[in-house]
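Here, each number is a calculation from the coordinates, and none is a lab measurement. Quick caveat: nothing in here was measured; it's all calculated off a predicted structure. Neighbour counts run over all protein chains shown; Cβ positions are idealised from the backbone, glycine included.
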Amino acid sequence: MTDGTTRREFLGPMAAFSLFPFEQEKPEFILHNGHVVTMNAAEPIAEAVAISRGRFFAVGKNADVINLAAPGVRKIDLGGKTVLPGFIDAHSHPAAAGLSHLRMVDCDLRSISAILAAMRERAAKTPAGEWVLGFKYDDTKTEGGRPLSVNDLDTAVPDHPVHIEHRGGHTVYANSLAFRKAGIDEKTPDPPGGKIDHDSSTGKLSGR
């Protein structure tokens with residue numbers, strides 16, 4: 001030590017200080033008598049949780065968690081209500097998604113045949129000539145290893161223009177009637193920043 005303090009003199013107070021433990025943390029409030037979804041596969045449902053400094057302090061059975069409470073800790077009886085962990089989503093559109101479910105066919109299905117059946121069912125309830133809309137289609141999740149084609153949609157829904165949005169939000173699948181209404185044919189140039197897909201063997205519109 002440069003100030004003349006010996007190592008023993010420096011460590012002595014530290015050793016004495018270590019004899020006094022820090023105050024044990026206690027929960028600020030407890031939720032009990034609930035249906036707590038833990039997201040833990042080993043114990044998916046608990047009865048109670050204790051919260052401290054904005055974080056889960058303890059999760060478990062009512063008696064075990066309540067036993068952690070110091071005098072004056074607030075305890076809230078949930079009466080069997082469900083508790084879920086916080087949902088954090090930096091990019092969501094709940095209002096738009098809700099409206100889409102009301103107006104469009106949910107195409108989050110595992111086969112092209114199932115998607116076509118759903119579109120056909122909606123078309124049967126829609127006046128001829130009016131649009132039949134779909135969304136949430138994902139070609140990476142359907143069996144068969146190929147995307148929807150214009151022929152698929154023409155066969156399933158011949159009397160309505162069809163517009164199906166890909167789940168990625170930047171691709172649309174359409175039938176021939178939809179292309180005609182949009183004024184698009186095989187000779188239409190790609191729009192700025194976009195692409196009209198063609199069948200590589202025939203040059204005809206692929207539907208995407």
Study note, to complete from the structure: The Rg/Rh figure for the chain, Cα atoms and Kirkwood Rh, to two decimals is 1.34
**Study point:** Beta bridges per DSSP with both ends in the range 94-182, % antiparallel, nearest 5
**Key:** 35 percent
Check your understanding: Can you sort I164, I76 so the residue with the fewest Cβ neighbours within 10 Å comes first?
Key -> I76, I164
**Study point:** Relative compactness, the range 85-173, computed as alpha-carbon Rg over 2.2 N^0.38 Å
**Key:** 1.15
Review point. Can you sort R120, R180, R53 so the residue with the fewest Cβ neighbours within 10 Å comes first?
Key: R53, R180, R120
Check your understanding: Using the per-residue mean of other Cβ atoms lying within 10 Å as a proxy for protection, in what order, highest first, do the peptides 92-98, 112-118 fall?
Key -> 112-118, 92-98
Check your understanding: Considering only DSSP beta bridges with both partners in the chain, what is the antiparallel share in %, to the nearest 5?
Key -> 55 percent
Exercise for review: Going by C-beta contacts inside 10 Å, put K125, K141 in order with the fewest on the left.
Suggested key: K125, K141
Exercise for review: Could you point to the residue in A182, I88, A117 farthest towards the positive end of the chain's charge dipole, with +1 and -1 charges on the Cβ of Lys/Arg and Asp/Glu respectively?
Suggested key: I88
Practice item. Taking chymotrypsin sites (Phe, Trp or Tyr not before Pro) as candidate sites, keep only those in a DSSP loop with at most 16 other Cβ atoms within 10 Å, then name the longest stretch of the chain containing none of them. Key: 132-208
Point to revise | Positive-end extreme of charge dipole, the range 27-83 - chosen from V59, A41, V73 (charges on Cβ) | key: V73
Check your understanding: Just how many % of Cα pairs in the range 27-83 lie over 15 Å apart, if you round to the nearest whole percent?
Key -> 41 percent
Check your understanding: What number of lysine-lysine pairs in the chain show an alpha-carbon separation below 18 angstrom, given a sequence spacing of 8 or more or placement on distinct chains?
Key -> 9
